[in-house]
1. Pick out the one residue from R138, R159, R152 that is within 18 Å of T51 (Cβ to Cβ) and near the ligand (Cβ under 9 Å from one of its atoms).
2. Of the residues G109, G104, G123, G93, only one is of a type outside the set (D, E) and modelled with pLDDT under 95; which?
3. Scan the range 108-135 for residues that are within 16 Å of the ligand (Cβ to nearest atom) and assigned to a loop (DSSP other than H, G, I, E, B) and jot them down.
4. Do we find a residue being surrounded by 23 or more Cβ atoms within 10 Å (Cβ to Cβ) and of a type in the set (S, T, N, Q) anywhere in the range 206-213?
5. Tell me the residue from V185, V205 that is modelled with pLDDT of 95 or more, of a type in the set (V, I, T), farther than 17 Å from V92 by Cα and not in a helix (DSSP H, G or I), please.
6. Could you list all residues from the range 61-96 that are more than 11 Å from the ligand (Cβ to nearest atom), more than 14 Å from the chain's Cα centre (by Cα), surrounded by fewer than 16 Cβ atoms within 10 Å (Cβ to Cβ) and not hydroxyl-bearing (S, T, Y)?
Amino acid sequence: MDDLHRQYLKAMGIPVWVRRDLPVEGRAGARAAEPVEMPAESAAATDAQETTSLDWPALAERVASCTACELHRTRTQTVFGTGNRQAQWMVVGEAPGADEDRQGEPFVGRAGQLLNAMLRAIGLAREEVYIANILKCRPPRNRDPRPEEVDRCEGYLHRQVELIRPRIILAVGRIAAHNLLKTDVSLGRMRGRCYRYSDTDIPVVVTYHPAYLLRSPGEKRKAWEDLRFASRVCAQGG
Ligand code: SF4
C-alpha cells in the first residue's frame, strides 16, 4: 500500500494496519464472472426503445422534461448524471436525495464526499468517472423507488450506459444492485462477485452505499475490499 492509499483510507476512517491482498479468485465465493439470470425482455428494453437513438443532448433534454412517473410532481429538478462521458468507471446509485434534488447533481453532501474519498482510494478522481442513479427524480421522503418508477426511468440509464460503454459499473447500495441486475439476492451475498449488466458484457460489481457507510462505519473495510475487487475486475478487462 502506498502513502496515497494509506492517506485516503485514513480519510475514510479505515484503520490501515491490516493487509488483505487476495487475488480475485481468492475471495470466498468470488468468481471471475457470474452473470445473473436476466429476464428475456427487461423493462429497460421497453423504455430503451424510445431512447435508443438519442445522443447526449437529446437524452438530457428528454430527462429534464420527463413526466413519465409520479415523481415529476414532487421533484425540484431532475438529476441526470455527471462526470466523464468517456469514463471507464460508471457509478450507479439509487435515486436523488434532498441535497441532490436541490443541486441537480448525484452524490453530493456527506455521502457524496465519502464516495469521492472511496474513489480516490482506488486512484480515481470524481471527474474521471460517470455517476448516475437508477431514478432521475427524488422519491418523497427518500422512500425506496417503486417498481413502476424504475420501469419508466431505467431506459434513460440504459442509454447512458450504451453511450458511455464503461469498462465496469460499480453499483452502490442494495437498491441499485437489485434494479441493475434484476435480482433480490442480499447485498452481502452479492459482494465479491462479478455480474453482467443487462444483455451486455459490461461487468457489474456491488458495494455498500456511502450513506449506509456513514451510518455503519464498521462496514467501511468491506467497502474497501469491494473497491479493490472492482479494480482488479476492471484491470483484467472484466
Ligand atoms: Fe421521468 Fe424518471 Fe423522473 Fe419518473 S423518475 S419523472 S421516469 S425522469
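1. On the way: R138 fails: within 18 Å of T51 (Cβ to Cβ); R159 fails: near the ligand (Cβ under 9 Å from one of its atoms).
Within the list R138, R159, R152, the selection yields R152.
2. Result: G109 is the single residue among G109, G104, G123, G93 that is of a type outside the set (D, E) and modelled with pLDDT under 95.
3. I134, L135
4. Scanning the range 206-213, I find at least one residue that is surrounded by 23 or more Cβ atoms within 10 Å (Cβ to Cβ) and of a type in the set (S, T, N, Q), so the answer is yes.
5. Residue meeting the stated conditions: V185.
6. E61, R85, Q86
The values are calculated or read from the model by the stated rules, or taken from the named source; none is laboratory data. From a predicted model like this one, the values you see are computed outputs, not experimental measurements. Note that we place each Cβ from the backbone using ideal geometry, even for glycine, and neighbour counts take in every protein chain shown.
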